[in-house]
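Asker: Below is the structure I would like to discuss, written out as structure tokens.
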Amino acid sequence: MKANEAVQVFFNRAADILEMPENQRRLLTTAMREVTVEVPVEMDNGELDVLIGYRVQHSNARGPMKGGLRYHWEVDLDEVRALASLMTWKTAVVNIPYGGAKGGICVDPRKLSRKEKERITRKFVDQIHEIVGPDKDIPAPDMGTNSETMAWIRNQWEKYHGFNPACITGKPVEDYGAKGREEATGRGCGILAFKMLQRLNHDPRQTRVAIQGFGNVGSHAAKYMYESEFKIEAISDISGGYYREGGLDIPEALSYVLENGSLAGYQNADPISNEALLCLDVDLLMPSALGGVITEDNVADIKAKYIVEGANGPIHANADETLFKRGVTVIPDILANAGGVTVSYFEWVQNRQYYSWDLNRVRQQLDHVLTSAFEEVWQTANEHKISLRTAAFMIGIRRVMRATELSGI
Ligand code: NAD
């Protein structure tokens, strides 16, 4: 099943409960605008390469559109479309005044020099600058992009439109970024894992955790959860998985990555494959790398009782249903990883006010937004005896539909 089809299945499960007519479903699931651009770039060896970039603007019913920019070799229009619509439901679930969008370039960032990455980024901005901006569509980091990429985007966009740091979020802190933005997505996953376990009377200290992906989301989730005394028994990145019964020393693993660029060669754990990590006998699984990693093929082998979706779309629709029937509690991506867009929103607010919040304020506000959203989703799920995912979609869909009705179609 392709990524966008999976989102449609999730959407329809919630729309069925809401008894939403077909024409409204079409209205809410169709992207407002989809742009595919050519990104010609001169590589360091003097050769010309022509990449393909995408920006899908799904909905602006609730405010300017918001969504990350991904550099990955699997990026295609279907994936960007799926991720753009997830952003619409995500910003609605946590009730921040944004719509949803997503962008991407089909390229392997590991094979690019820093200068090549910069040239690609600037060229992409040349191609899309007219349709993005602080009141239209505000990009942010995603897989393969980071605060440095955001600084290039801002600089290039401002060449056309003048000074306005709110045109992009996830910027370096010293360059109009927000304190706490980098950690926000992973921290948010940790906060929500904590809330869920509280509700289920499960002690974090007795909770064995496996995290797939040790990039922005996975590493910050690991750090927060380690500090909250979860037992993180497995972590992984593209180089493979690393397991230690009883718990890994996360600060040491973080320092290792800082020094070596990845977990490759990490010695203080047993090596396992990324596939095996997903099926470990742990209590809580946090897929925080790619989409589509839990499918009908491996769902029977998943042993975790709790799953927190750090990544976007890590569980296929059919596998999701199987997990629900088996009583596995899944915090869905549109809630679980919403910490990033929430602090991006705080960054945008600060930029517009020319004012900077301290880290404590950012963390407190993040906790407040995520806790309110979690309680609402939890209550809706219990009321209707449905999964947290369907509950989150119901809340998101209701808000977007209401905004659409209020503004006139
Ligand atoms: P990142 O590029 O910082 O890190 C990605 C991690 O995944 C790296 O550790 C990488 O080695 C690993 N990885 C890549 N391919 C892999 C593979 N085939 N098998 C196992 N591991 C692999 O990206 P990120 O920002 O941490 O994003 C991860 C996920 O979280 C994505 O699905 C993204 O859409 C989602 N997300 C990110 C943010 C954010 O603020 N960065 C916000 C919301 C959602």
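The values are calculated or read from the model by the stated rules, or taken from the named source; none is laboratory data. These numbers come from a predicted model, not from an experiment. Note that we place each Cβ from the backbone using ideal geometry, even for glycine, and neighbour counts take in every protein chain shown. Remember, those area values only see protein heavy atoms, side chains included, never the ligands or the DNA or RNA. Shrake-Rupley method; radii C 1.70, N 1.55, O 1.52, S 1.80 Å.
Asker: Taking only region 228-238 into account, find how many residues are within 11 Å of Asp249 (Cα to Cα) and either among the charged types (D, E, K, R) or open to solvent by 30 Å² or more (accessible area, probe 1.4 Å) (or both).
Answerer: Of the residues in that region, 2 qualify.
Asker: In region 128-148, what residues are within 16 Å of the ligand (Cβ to nearest atom) and farther than 18 Å from Val343 by Cα?
Answerer: Once the filter is applied, which keeps residues that are within 16 Å of the ligand (Cβ to nearest atom) and farther than 18 Å from Val343 by Cα, region 128-148 yields only Gly144.
Asker: Tell me whether region 165-178 contains one or more residues that are away from the ligand (no atom under 16 Å from the Cβ), touching a Gly at 6+ places or on another chain (Cβ under 7 Å) and in a helix (DSSP H, G or I). Give the derivation first.
Answerer: At the first step, the residues of region 165-178 found to be away from the ligand (no atom under 16 Å from the Cβ) are 165-167, 174-176.
Add one more test, that the residue is touching a Gly at 6+ places or on another chain (Cβ under 7 Å), and what stays is 167.
Filter once more, keeping what is in a helix (DSSP H, G or I): 167.
Within region 165-178, one or more residues are away from the ligand (no atom under 16 Å from the Cβ), touching a Gly at 6+ places or on another chain (Cβ under 7 Å) and in a helix (DSSP H, G or I).
Asker: Just wondering, is there one or more residues in region 186-196 that are more than 14 Å from the ligand (Cβ to nearest atom), part of a helix (DSSP H, G or I), surrounded by 15 or more Cβ atoms within 10 Å (Cβ to Cβ) and without any contact (Cβ under 8 Å) to a residue 60 or more places away in the chain?
Answerer: yes
Asker: Further question: Kindly list, by first and then second residue, each pair from a residue in region 197-217 that is over 20 Å from Asp281 (Cα atoms) to a residue that is within 16 Å of the ligand (Cβ to nearest atom) and among the hydroxyl-bearing types (Ser, Thr, Tyr), limited to pairs with Cβ atoms under 7 Å and residues at least 6 apart or on different chains.
Answerer: Cβ pairs passing all conditions: Asn216/Thr185; Val217/Thr185; Val217/Ser288.
Asker: Sort out for me the helices (runs of 4 or more DSSP H) sitting completely within region 289-382 that have 2 or more residues that are closer than 30 Å to Pro172 by Cβ and polar (S, T, N, Q).
Answerer: Here the list reads 339-353.
Asker: With the condition kept exactly as written, say whether any residue in region 43-57 is within 15 Å of the ligand (Cβ to nearest atom) and in a strand (DSSP E or B). Spell out the reasoning first.
Answerer: Of region 43-57, the ones within 15 Å of the ligand (Cβ to nearest atom) are 54, 56.
Those left that are additionally in a strand (DSSP E or B): 54, 56.
Yes, because at least one residue in region 43-57 is within 15 Å of the ligand (Cβ to nearest atom) and in a strand (DSSP E or B).
Asker: Condition check: of a type outside the set (S, T, N, Q) and open to solvent by 50 Å² or more (accessible area, probe 1.4 Å). Does Leu258 satisfy that?
Answerer: For Leu258, the condition - of a type outside the set (S, T, N, Q) and open to solvent by 50 Å² or more (accessible area, probe 1.4 Å) - is met.
Asker: Across region 148-171, what is the total count of residues that are among the polar types (S, T, N, Q) and closer than 15 Å to Gly68 by Cα?
Answerer: Within region 148-171, residues that are among the polar types (S, T, N, Q) and closer than 15 Å to Gly68 by Cα number 2.
Asker: Can you confirm whether region 198-218 contains a residue that is closer than 14 Å to Ser288 by Cα, away from the ligand (no atom under 13 Å from the Cβ), open to solvent by less than 10 Å² (accessible area, probe 1.4 Å) and assigned to a helix (DSSP H, G or I)? If you could, list the steps in order and put the result at the bottom.
Answerer: At the first step, the residues of region 198-218 found to be closer than 14 Å to Ser288 by Cα are 209-218.
Subset that is away from the ligand (no atom under 13 Å from the Cβ): 209.
Checking the rest, the ones that are also open to solvent by less than 10 Å² (accessible area, probe 1.4 Å) come to 209.
Then keep just the ones that are assigned to a helix (DSSP H, G or I); that gives none.
No: zero hits.
Asker: Shifting gears a bit: Find the residue count for region 72-90, including only residues that are assigned to a helix (DSSP H, G or I), among the acidic types (Asp, Glu) and either open to solvent by 40 Å² or more (accessible area, probe 1.4 Å) or within 13 Å of the ligand (Cβ to nearest atom) (or both).
Answerer: Residues that pass the stated criteria total 1.
Asker: Does region 296-306 contain any residue that is open to solvent by less than 10 Å² (accessible area, probe 1.4 Å), in contact (Cβ under 8 Å) with a residue 12 or more places away in the chain, within 22 Å of Met87 (Cα to Cα) and in the same structural domain as Tyr243 (by TED's automatic domain parsing)?
Answerer: Within region 296-306, not a single residue is open to solvent by less than 10 Å² (accessible area, probe 1.4 Å), in contact (Cβ under 8 Å) with a residue 12 or more places away in the chain, within 22 Å of Met87 (Cα to Cα) and in the same structural domain as Tyr243 (by TED's automatic domain parsing).
Asker: Also, quick follow-up: Return the only residue of Ala264, Ala253, Ala269 being without any contact (Cβ under 8 Å) to a residue 40 or more places away in the chain, open to solvent by less than 20 Å² (accessible area, probe 1.4 Å), more than 29 Å from Ala82 (Cα to Cα) and within 12 Å of the ligand (Cβ to nearest atom).
Answerer: Step by step, each of Ala264, Ala253, Ala269 is checked, and only Ala253 is without any contact (Cβ under 8 Å) to a residue 40 or more places away in the chain, open to solvent by less than 20 Å² (accessible area, probe 1.4 Å), more than 29 Å from Ala82 (Cα to Cα) and within 12 Å of the ligand (Cβ to nearest atom).
Asker: Please enumerate the residues belonging to region 100-127 that are part of a helix (DSSP H, G or I), within 16 Å of the ligand (Cβ to nearest atom) and open to solvent by 40 Å² or more (accessible area, probe 1.4 Å).
Answerer: If the condition is that a residue be part of a helix (DSSP H, G or I), within 16 Å of the ligand (Cβ to nearest atom) and open to solvent by 40 Å² or more (accessible area, probe 1.4 Å), then Arg110, Lys111, Arg114 are the ones that fit.
Asker: Among the residues of region 308-335, write down those that are within 14 Å of the ligand (Cβ to nearest atom) and hydrophobic (A, V, I, L, M, F, W, C).
Answerer: Correct list: Val308, Ala311, Ile315, Ile331, Ile334, Leu335.
Asker: Given the structure, is Ser228 of a type in the set (S, T, N, Q) and within 15 Å of the ligand (Cβ to nearest atom)? Give the steps one after another, and end with the answer.
Answerer: On the way: of a type in the set (S, T, N, Q): yes; within 15 Å of the ligand (Cβ to nearest atom): no.
Answer is no for this residue.
Asker: Pick from Arg352, Arg326, Arg361: which is farther than 13 Å from Lys90 by Cα, assigned by TED's automatic domain parsing to the domain that holds Gly310 and open to solvent by 60 Å² or more (accessible area, probe 1.4 Å)? Explain how you work it out, then say what you get.
Answerer: Numbers: Arg352 fails: assigned by TED's automatic domain parsing to the domain that holds Gly310; Arg361 fails: assigned by TED's automatic domain parsing to the domain that holds Gly310.
The match here is Arg326.
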